[in-house]
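Participant: This is the structure I have questions about; it appears just below.
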Ligand code: Z5A
């Protein structure tokens, strides 16, 4: 049996990350009897919720301030939630993590990607996920699925297209870690593709 495992879920807005995480959480509990922690960035716990409120609900946040808020949320989240859960031997399913910063603040907003990688390494104390599921979707489809859009969700379509291309680029650079899922299909198909991979990994 595999010990603790850290798995992240990435992709453009409305790709279906939350839906997939719920399905995998249930199957990991039912079929493997594993203890699973479901969490997300930004916004876990009291500290994270306050940062999330500033980040996603306020209309004016400068780009640099935005970056540091995402990183502050991550640093606190890793130390207080993710690492303790992994130390207990659990499986952590995290909705967004370091790749979202590289893609949204780097590929889409234009900040220096090398700098962002270094800042991520500092914020996370170099904690990297073993598996990252990338839910790839045309942003025009994802945005239609998303009824309730936050500040970033309301960015123009071309921003979201840069996000999609950025995630695919990151996946190209790290094919061992990234599993790309075609998120335009109905949810059961997406779940099955992810589950086949995950169940196999847990059995090995
Ligand atoms: N951000 C950043 O810039 N930098 C960072 O470092 C981090 C984040 C960590 C977080 O928003 C925003 O912060 C995000 C990136 C940025 N901004 N944008 N844009 P969030 O976490 O609140 O939201 P999100 O992650 O973008 O989206 P979401 O609301 O979490 O969507 P989702 O989880 O991917 O999708 P869902 O809730 O599972 O599904 C959405 C709807 O589609 C729902 O009605 C489902 O029933 C439906 N659905 C799901 N799957 C399917 C399929 N396969 N077919 C059809 N319909 C489906």
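The values are calculated or read from the model by the stated rules, or taken from the named source; none is laboratory data. Treat the numbers as computed from the prediction; the structure is a model and nothing was measured. Don't worry about glycine lacking a Cβ; one is built from the backbone with ideal geometry, like all the others, and counts go over all protein chains shown.
Participant: From the list 96, 151, pick out the single residue that is modelled with pLDDT under 95 and within 13 Å of the ligand (Cβ to nearest atom).
Facilitator: Exactly one of 96, 151 is modelled with pLDDT under 95 and within 13 Å of the ligand (Cβ to nearest atom), namely 151.
Participant: Within segment 174-190, track down each residue that is out of contact with any strand residue (DSSP E or B) (no Cβ under 9 Å at 6 or more places or on another chain) and either surrounded by 15 or more Cβ atoms within 10 Å (Cβ to Cβ) or touching a residue at least 24 places away in the same chain (Cβ under 8 Å) (or both).
Facilitator: Once the filter is applied, which keeps residues that are out of contact with any strand residue (DSSP E or B) (no Cβ under 9 Å at 6 or more places or on another chain) and either surrounded by 15 or more Cβ atoms within 10 Å (Cβ to Cβ) or touching a residue at least 24 places away in the same chain (Cβ under 8 Å) (or both), segment 174-190 yields only 187.
Participant: Restricting attention to segment 51-85, which residues are farther than 20 Å from residue 17 by Cβ and more than 15 Å from the ligand (Cβ to nearest atom)?
Facilitator: 60, 79, 80, 83, 84
Participant: Ok, one more. For segment 23-32, which positions are within 15 Å of the ligand (Cβ to nearest atom) and either farther than 15 Å from residue 183 by Cβ or within 10 Å of the chain's Cα centre (by Cα) (or both)?
Facilitator: 25, 26 - these are the residues of segment 23-32 that are within 15 Å of the ligand (Cβ to nearest atom) and either farther than 15 Å from residue 183 by Cβ or within 10 Å of the chain's Cα centre (by Cα) (or both).
Participant: Sort through 18, 8 and tell me the only one that's closer than 21 Å to residue 101 by Cβ, surrounded by 19 or more Cβ atoms within 10 Å (Cβ to Cβ), within 16 Å of the ligand (Cβ to nearest atom) and touching a residue at least 40 places away in the same chain (Cβ under 8 Å).
Facilitator: Going through 18, 8 in turn, the sole match is 8.
Participant: Enumerate the pairs (first residue in segment 32-58 and over 22 Å from residue 91 (Cα atoms) and modelled with pLDDT under 95; second residue anywhere and in a loop (DSSP other than H, G, I, E, B) and away from the ligand (no atom under 12 Å from the Cβ)) with beta-carbon separation below 7 Å, excluding pairs fewer than 6 apart on the same chain, so at least 6 apart or on different chains.
Facilitator: none
Participant: Turning to a different aspect of this structure: Would you call residue 199 out of contact with any strand residue (DSSP E or B) (no Cβ under 9 Å at 6 or more places or on another chain), closer than 27 Å to residue 54 by Cβ and part of a helix (DSSP H, G or I)?
Facilitator: So residue 199 fails the test.
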